[in-house]
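Accompanying notes for the structure given below.
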Amino acid sequence: MIKNLSPSRASQFKTCPKQFKFSNVDKIKEPTNLVQAKGTTVHQALEDLYDLPSNERTPEVLYNLFRKAWSNVRGNDEHVNLFESLDDEREWGQEGLNLLHNYLKLENPQKLEPLEQERWVRGSIEDLNLRGILDRMDEDKDGNLIIVDYKSGKAPMAKYKEPRFFALKLYALLIRDEIGITPKELKLIYLKNSTIHTLNIDDKMLDEAKIEILSIWDEIKKAFKENNFPAVKNGLCKDWCYYKPICPLFNKEAPDTDELKNIVEKIAETEENIEAISMFENQDDLPDSSPLKNIKISDLEIDITLLKNKQDKILKEITSLLGK
Ligand code: SF4
């Protein structure tokens, strides 16, 4: 069972419980793709821009921050083999710069002073631990808080805008719980087509978001209990789901990934046991009734290594299917 939930994981479960399971329960990691790498680099450039004094926040500086952010991470393991050629990388870089150019049509960085950037928000609602990272929090001239999120994609039509605010409502909820102030506005900045969508919020809306996230959490707990994570066809299946080749809706011979789930759970349980034993300086101090009394940490560590080897082997087989 997972211990924390982020707004994006909650949305993933809402959209397709099977995809949620592949990613968060079976831990089949999706490699970074071009779209994600671009989004992350653009976010980094914008964050770095607002760390500078306002008079230095020019378009050229912003574009250079993008280049710098990319050169800092392009050699990382997750980015190896991302591009087939240098020309592809250049084209990708140009698209990133275009997104930043689009951003500058929407806001003037020299006239804006974010209150906070990349702020960790976390809190508990009943038995749910919710956490996430806010892109930016602003304050308007009357001192009201505005929660801001950059999106590197395209804005939906205005009539479909509201569901996209769910994650920001949860961030606003956590801010309200943490500092006792209800943010006034949520702002989504879509860079692909230079569009800003805003939503005024109040306590009632945040209370409704709280009820909704608790109901998703109940469904997640039920899914774990019954080991039932159904695949639900949706708009992402066609081009945006990495797991499609192993999804039972699209592959009648899809492998059963429950073995991975079992291994992940056993590793977590064994790690917890090591932690519990380590809390005692002398293992003899453990109560006689404890099932850990006569277990050696070194044996548990060997168990973990064996489990991880097995996990790697299964993941390798699955990844080869995913790569096809
Ligand atoms: S392909 Fe569609 S139904 Fe299958 S896991 Fe992905 S999102 Fe879910």
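The values are calculated or read from the model by the stated rules, or taken from the named source; none is laboratory data. What you are looking at is a predicted structure, and each value in this text was computed from that prediction instead of being measured. Cβ atoms come from the backbone with ideal geometry, glycine included; neighbour counts cover every protein chain shown.
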Answer yes if at least one residue in segment 134-156 is surrounded by fewer than 12 Cβ atoms within 10 Å (Cβ to Cβ) and within 23 Å of the chain's Cα centre (by Cα), and no otherwise. yes
Any residue at all in segment 231-238 that's surrounded by 11 or more Cβ atoms within 10 Å (Cβ to Cβ) and away from the ligand (no atom under 16 Å from the Cβ)? no
Single match in ASN193, ASN227, ASN251 (criterion: closer than 30 Å to GLY143 by Cα and polar (S, T, N, Q)): ASN193
Give the residue, chosen from GLU253, GLU219, GLU259, that is more than 29 Å from VAL35 (Cα to Cα), in contact (Cβ under 8 Å) with a residue 40 or more places away in the chain, of a type in the set (D, E, K, R) and within 16 Å of the ligand (Cβ to nearest atom). GLU219
What number goes with the only condition from (1) over 30 Å from LYS18 (Cα atoms); (2) surrounded by 16 or more Cβ atoms within 10 Å (Cβ to Cβ) that ILE179 does not pass? (2)
Conditions (1) in contact (Cβ under 8 Å) with a residue 40 or more places away in the chain; (2) closer than 20 Å to GLU265 by Cβ; (3) of a type in the set (D, E, K, R): number failed by ARG9: (1)
So which helices (runs of 4 or more DSSP H) stay within segment 192-302 end to end and still have 1 or more residues that are closer than 30 Å to PHE165 by Cβ? 203-226, 237-240
Cβ-Cβ below 8 Å, separation at least six or inter-chain, first residue in segment 272-295 and closer than 23 Å to LYS3 by Cβ, second at pLDDT 85 or above and among the small types (Gly, Ala, Ser): which pairs? LEU292/ALA276
Could you list all residues from segment 45-87 that are small (Gly, Ala, Ser) and outside any loop (DSSP other than H, G, I, E, B)? ALA45, SER54, ALA69, SER71
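Matching residues to (1) farther than 30 Å from ASP258 by Cα; (2) modelled with pLDDT of 95 or more; (3) assigned by TED's automatic domain parsing to the domain that holds GLU259; (4) surrounded by fewer than 18 Cβ atoms within 10 Å (Cβ to Cβ):
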{"residue": "PRO17", "(1), (2), (3), (4)": "no, yes, no, no"}
{"residue": "THR41", "(1), (2), (3), (4)": "yes, yes, no, no"}
{"residue": "LEU49", "(1), (2), (3), (4)": "yes, yes, no, no"}
{"residue": "ASN64", "(1), (2), (3), (4)": "yes, yes, no, yes"}
Among residues belonging to segment 159-176 that are within 16 Å of the chain's Cα centre (by Cα) and over 14 Å from GLY132 (Cα atoms), point out the one that is surrounded by the most Cβ atoms within 10 Å (Cβ to Cβ). PHE165
